[in-house]
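Scroll down for the structure; my scribbles are underneath it.
The values are calculated or read from the model by the stated rules, or taken from the named source; none is laboratory data. Quick caveat, the model's predicted, so the values are computed rather than measured. Every residue, glycine among them, receives a Cβ derived from its backbone with ideal geometry; neighbour counts consider all protein chains shown.
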Amino acid sequence: MGAPQYMTKSSLFIYSEQETGYRLQQGHPFNQERLLPTIDLLRKLGAVPESIVHAPITASEDQLQAVHSSDYIEAVKALSQDNPEELWQIQADKYGFDMEDTPYFSGMHEVTSLLVGGSVLAVDKVMSGETEHAIHLGGGLHHALKNKAAGFCVYNDASVAIEYAKNRYGARILYIDTDVHHGDGVQWSFYSEPDVCTLSIHETGKYLFPGTGAVNERGEGTAFGTCINIPVEPYTEDASWLECFEDVLNKVAAQFKPDLIVSQHGCDAHAYDPLSHIHCSMDIYLAMPQLIHRIAHQHCAGRWVALGGGGYDFWRVVPRAWSLLWLEMSDNPIIDHLTCNRALELPSAWLTQWQAISPVELPTTWLDNTDWTPMPRRQEITTKNRQTKELALLYLT
Ligand SMILES: [Zn+2]
Ligand SMILES: [Zn+2]
């Protein structure tokens with residue numbers, strides 16, 4: 001019965017439908033319901049057998065406190081009530097909450113603690129040797145800060161999970177952030193921590209939230225050199241993005257020698273994404289997980305935790321990009337098929353089911369047909385990105 005199951009035992013999938021309850025407000029661009037068509041696509045391929053799905057476990061207060069201040073956690077709890085006390089409502093902005101970008105919402109402490117716990121569980125499964133790889137698409141809230149919510153993120157699950165890996169297992173962690181926005185929250189969590197290296201490729205902060213992630217942010221004290229930023233130009237396309245990412249990743253991994261890789265997979269660098277100006281196609285979401293996967297086996301015995309993140313083209317980008325990540329992580333033969341056949345189609349049962357409710361026309365193939373008009377300043381952008389990449393590599397051998 002059903003589709004064939006290709007899964008190897010070496011990858012786990014952390015998920016429960018409860019995670020879609022992270023809902024900032026009606027109509028907000030950050031919509032965790034994007035997990036539903038994504039999981040369904042993988043299930044229709046038989047790529048996620050129930051035996052490898054583990055539900056997240058709520059993070060403990062101690063785990064949250066390793067990254068966030070007690071004051072802030074208290075505020076989040078108070079603002080999670082159905083009708084928060086006025087005393088807390090008037091202080092909300094002090095803690096990063098506003099009615100536009102990052103509104104507080106009923107139940108947010110509980111559901112965000114669950115998302116954080118999912119990322120901690122992924123680390124535990126990998127570091128204990130139960131599995132080589134684990135994915136947690138509900139995580140990746142990389143903007144949350146010690147004392148503040150920011151950029152749609154309440155608690156920083158990536159920072160908590162990394163802190164946990166460091167304290168519980170004594171691991172050296174390489175964090176790789178491919179979201180189009182700078183991974184600021186995680187960077188600042190570990191800016192003076194030499195055993196955590198953060199590598200972020202993103203659209204330059206000159207034009208995009210959160211404004212940080214310049215190439216000269218390199219870490220401080222004994223951690224100098226363990227923070228690497230590649231701020232690429234607006235309208236960067238696949239070839240230039242991949243060239244920068246691959247060169248820097250190879251050198252950073254070889255020099256840092258991690259025990260564990262934690263990667264964040266916001267898929268908002270796609271040309272369709274409404275919140276940024278990078279012009280990449282689905283090709284980077286095929287190639288980039290392959291690069292990270294290879295690095296994980298080469299440098300840290302396969303230990304790899306992958307998280308979700310941004311991604312605001314709910315229908316056309318997120319389901320395909322995150323499915324490709326899992327298919328790569330779980331050695332699914334579809335990845336090889338795509339290498340020989342760029343026009344490989346998505347399962348028709350998935351297209352029929354979701355096209356019925358999608359407000360936009362769904363792409364019918366895994367990869368995009370990229371005969372898009374080239375960006376007029378392609379050469380100039382490629383040259384500028386190459387200079388940025390060289391600067392990022394300045395202190396690496
Ligand atoms: Zn593997
Ligand atoms: Zn983002």
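Of all residues in the stretch 178-218, which are acidic (Asp, Glu) and either surrounded by fewer than 23 Cβ atoms within 10 Å (Cβ to Cβ) or in contact with a Cys (Cβ under 6 Å, 6 or more places away or on another chain) (or both)?
Scanning the stretch 178-218 gives GLU193, ASP195, GLU217.
Residues in the stretch 58-91 that are among the aliphatic types (A, V, I, L, M) and outside any helix (DSSP H, G or I): ALA59, ALA66, VAL67, LEU79, ILE90. Of all residue pairs spaced 6 or more apart or on separate chains, none has beta-carbon atoms under 6 Å together with a first member in the stretch 153-180 that is without any contact (Cβ under 8 Å) to a residue 12 or more places away in the chain and a second member that is within 16 Å of ligand 2 (Cβ to nearest atom) and of a type outside the set (D, E, K, R).
Pairing residues of the stretch 181-197 that are touching a residue at least 40 places away in the same chain (Cβ under 8 Å) and on the phi < 0 side of the Ramachandran plot with residues that are assigned to a loop (DSSP other than H, G, I, E, B) and among the β-branched types (Val, Ile, Thr), at Cβ distances under 7 Å and at least 6 apart in sequence or on separate chains, gives HIS182/THR212; ASP184/THR212; SER189/VAL67; CYS197/THR226.
Residues in the stretch 321-378 that are among the basic types (Lys, Arg) and in contact (Cβ under 8 Å) with a residue 40 or more places away in the chain: how many? Result for the stretch 321-378: 2.
Restricted to the stretch 258-358, the set of helices (runs of 4 or more DSSP H) holding at least 2 residues that are modelled with pLDDT of 95 or more, more than 16 Å from ligand 1 (Cβ to nearest atom) and aromatic (Phe, Trp, Tyr) comprises 348-355. Counting only residues that are modelled with pLDDT of 85 or more and of a type in the set (D, E, K, R), which one in the stretch 359-382 is surrounded by the fewest Cβ atoms within 10 Å (Cβ to Cβ)? Among those that are modelled with pLDDT of 85 or more and of a type in the set (D, E, K, R), it is GLU361.
None of VAL252, VAL180 is more than 19 Å from LEU396 (Cα to Cα) and more than 16 Å from ligand 1 (Cβ to nearest atom) except VAL180. The one condition from (1) more than 30 Å from LYS206 (Cβ to Cβ); (2) within 25 Å of the chain's Cα centre (by Cα) that ASN341 does not meet is (2). Every test in (1) within 16 Å of ligand 1 (Cβ to nearest atom); (2) in a helix (DSSP H, G or I) is passed by GLU130 save one, and that test is (2).
The set of residues in the stretch 26-57 that are part of a loop (DSSP other than H, G, I, E, B) and modelled with pLDDT of 95 or more comprises LEU45, GLY46, ALA47, VAL48, PRO49, ALA55, PRO56, ILE57. Among the residues examined, TYR175 does not qualify as of a type in the set (Phe, Trp, Tyr), surrounded by fewer than 23 Cβ atoms within 10 Å (Cβ to Cβ), more than 16 Å from ligand 1 (Cβ to nearest atom) and at negative phi.
Would you mention how many residues in the stretch 357-397 are among the β-branched types (Val, Ile, Thr) and closer than 21 Å to ILE201 by Cβ?
Pass one, the stretch 357-397, residues among the β-branched types (Val, Ile, Thr): 357, 360, 364-365, 370, 373, 381-383, 388, 397.
Adding the requirement that they be closer than 21 Å to ILE201 by Cβ leaves 370, 381-383, 388, 397.
Total satisfying the criteria: 6.
Is there a residue being more than 16 Å from ligand 2 (Cβ to nearest atom), aliphatic (A, V, I, L, M) and within 27 Å of ARG378 (Cβ to Cβ) anywhere in the stretch 270-284? Looking for residues that are more than 16 Å from ligand 2 (Cβ to nearest atom), aliphatic (A, V, I, L, M) and within 27 Å of ARG378 (Cβ to Cβ), one finds at least one in the stretch 270-284, hence yes.
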